[in-house]
């Protein structure tokens, strides 16, 4: 006998006694009731449904074995406890419109009002429980589980909902087995062996209490490895199973606890005489005390009245955690409120009122009240209550026994470190991705490396263009931006050389200015020399514009300043070279060459050559100017911030024009290098232009092939090297003579009268 189910029946009896004693609910109306045992069997449940719907009450006598009683059809029903019997009853009762309120039938299929129009319940549908169980499994990281279910409407429907929710959560099922208690023992043994051999350490059991009892008994014979049990509400709050220690640590969602004042006293207020009035209570008494109330039978002793029901410890007397019992209490009160709504008005009830079950059903759908123990009762359009669960964990007590412990969010988090691991494959390490093993669920996989620039999630994912994986390859971080910054060591060195070059040019200018009347300064075209020194100073300083974070103005300034200052510089050198050639030709008889290339023409030529470069730069900046860009292609792990040339034709036109002037100057200087006279500086210009051309010829391949900030560094180096080449080759010999050989800085010496040694 299931003592827990007997407690359910007696809870309905207790609720009806309470209602009959109330003056505000069905005043002066006495409710009657019948308690029937469906034995958990569908045929019996259907038979009882037909009897209750038709008002047929069989009794037996010597003359008539089956007679009709005067009892009328019942207006409403509480039950059944299980889903499958409830389905059979609901199909019959729905035809007559007799409302059926179940306290424990959770199958989601019963929410279909087209098939079960008269069915309601005070227990939540499995639809909510299945989704919640899947989230709990996922919360603890269990992706590899086993599943066992009752081969019934309850188990099959509940497990189908759970498996669907589990798939959405990324949970894989190693096996899914079913069993029903009436099936052959060989089927039970096969299910038990599947559980023992499995690699999943977590098992979800959507089992009715009777099916689970047989399965646990079979597993006890040869215990499997420690398992984490996930239970449905059908057994997770059933105290009968606390004796199975293999279920220690089990978790699941149960009906919330409640208190029903006076119920315990009602249940214990039972004497042998009262027990004899009911076959159910007689069986309970005799089973509990192992005696016979009707005299000695089968060798059992006769009950002698010394039996103390208060000393019993079984599910009938255990009211410490009333859960499903409260659902019976709520169902009984819901029917009472519905009857009250049909036959009663604000002041009184009509005892003789005629009503149909359809009226009771209509009122049931609309009830909304609070029970004496403070629980809200109402039904939605599917006949279901508001889904409220309590998370239950089976934990050991101090005496070594198991008990139900409600778990809140904080407790879950504090205990997560103790939970077992149940996965088909371990998590992939950083930088790898999952590759599903052929023929196996998606939770079974191999780990293969992600491609460069990818992070690992469920699959390898490319980082956005401006991001790169971190060291763990679990998230994308911004790429570092690279450019020739002021605090870079290379920038500091180049800056020092740039300022030093400009300082040298200024010092040379000061020396020349101080000795501007000396023969060597005057003999080497002092006006063009000062202009050349000025342009060289600008050349040294323009290299500084290439350092720092590129911006629109700096990108445009650096190339145009470099192009214009270098053309000004080369124009001056070219003018000095032409002056040497013209000066030699002027010494020939009848030549007036210097007349055509005097100081005005020299200034005009420098201006004309420079204006051509200015025009090229203006066109370049107007049509397609240089702009700062983020180069994402050169380095995969960093961003190069650089100046895009805009128009490549404009850039190479600027360089080409400088190269043309430098080559022309080199050729003319080379032709004039051996001309007589001590004031001839053509050979020094030849050397300077040779260095200049060599630097810029090697610059082109170096510029094209240099990566990132080194491209800018190569360009600065070329500017500084060619500038130093001109300063040293053209002005160093003259400064040496001015500072250390003043005896050579005379007109007589320069005319070759003091010495035949060339300068």
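Just so it is clear, none of the values below were taken in a lab; they were calculated from the coordinates. This one's a predicted model, so the numbers in the text were calculated from it and none came from an experiment. With ideal geometry, Cβ positions are generated from the backbone for all residues, glycine too; neighbour counts draw on all protein chains shown.
Distance between the modelled labels on residue 477 and residue 182, one decimal in nanometres: 6.6 nm (7 Å Cα→Cβ projection). Listing 402, 532 from fewest to most neighbouring C-beta atoms within 10 Å gives 402, 532. Kirkwood analysis of the range 432-478, using all unique Cα-Cα pairs, places the hydrodynamic radius at 11.2 Å. Highest mean packing comes first when the peptides 193-200, 300-307 are listed by Cβ atoms within 10 Å, giving 193-200, 300-307. Taking the C-alpha atoms only, the angle from helix 83-96 to the longest principal axis of the chain is near 70 degrees. Extension gain for residue 381-residue 500 works out to 33.8 nm (0.36 nm per residue, less the C-alpha to C-alpha distance). DSSP assigns beta bridges within the chain; of those with both partners inside it, close to 55 percent run antiparallel. Using 0.36 nm per residue and subtracting the Cα-Cα separation, the extra length available between residue 740 and residue 169 on full extension is 196.5 nm.
With R₀ set to 51 Å, the beta-carbon distance separating residue 437 from residue 405 gives a calculated FRET efficiency near 0.85. Computed over the range 432-478, relative contact order equals 28 percent, with contacts defined as Cα pairs under 8 Å that lie 6+ residues apart.
The alpha carbon gyration tensor of the range 301-405 gives principal lengths a ≥ b ≥ c with a/c of 1.5 or higher and a/b no greater than b/c, which makes the shape oblate. Cα centroid separation, the range 316-390 to the range 253-315: 28 Å. Among 487, 446, 384, 126, the ranking by other beta carbons within 10 Å of each residue's beta carbon, starting with the fewest, stands as 487, 446, 384, 126. Sorting 188, 110 from the fewest to the most surrounding beta carbons within 10 angstrom yields 188, 110. Starting from the Cα gyration tensor of the range 215-289, take the square roots of the eigenvalues, sort them a ≥ b ≥ c, and report rounded, prolate or oblate (rounded when a/c is under 1.5, otherwise prolate if a/b is larger than b/c, else oblate). In terms of gyration-tensor shape, oblate.
Compared with the dominant Cα axis of the chain, that is its longest principal axis, helix 279-289 is turned about 80°. Using a/c under 1.5 as the rounded threshold, could you call the range 274-324 rounded, prolate or oblate? The axes a ≥ b ≥ c are square roots of the C-alpha gyration tensor eigenvalues, and prolate needs a/b larger than b/c, oblate otherwise. The shape class here is prolate. Counted residue by residue at 0.36 nm each, then reduced by the alpha carbon distance between them, the extension gain from residue 276 to residue 354 reaches 24.6 nm.
Shown here are the Rg and Dmax of the Cα trace of the range 74-231, at 17.0, 53 Å. Where in the range 199-241 is the amide nitrogen less than 14 Å from a point lying 7 Å along the Cα-to-Cβ axis of residue 314? Residues passing the 14 Å test: 240.
Cα-based values for the chain, radius of gyration first and Dmax second, are 51.6, 171 Å.
How high is the relative contact order of the chain, in percent, counting Cα pairs under 8 Å that sit 6 or more residues apart? Please report the intermediate quantities before stating the final value.
Working: 1205 pairs, mean separation 75.5, N = 759.
Value for the chain: 10 percent.
What's the angle, to the nearest 10 degrees (0 to 90), between helix 209-221's Cα axis and the longest principal axis of the chain? That helix lies at roughly 70 degrees to the long axis.
Each residue, residue 306 and residue 446, gets one label point 7 Å from its Cα in the Cβ direction; the gap between the two is 7.6 nm.
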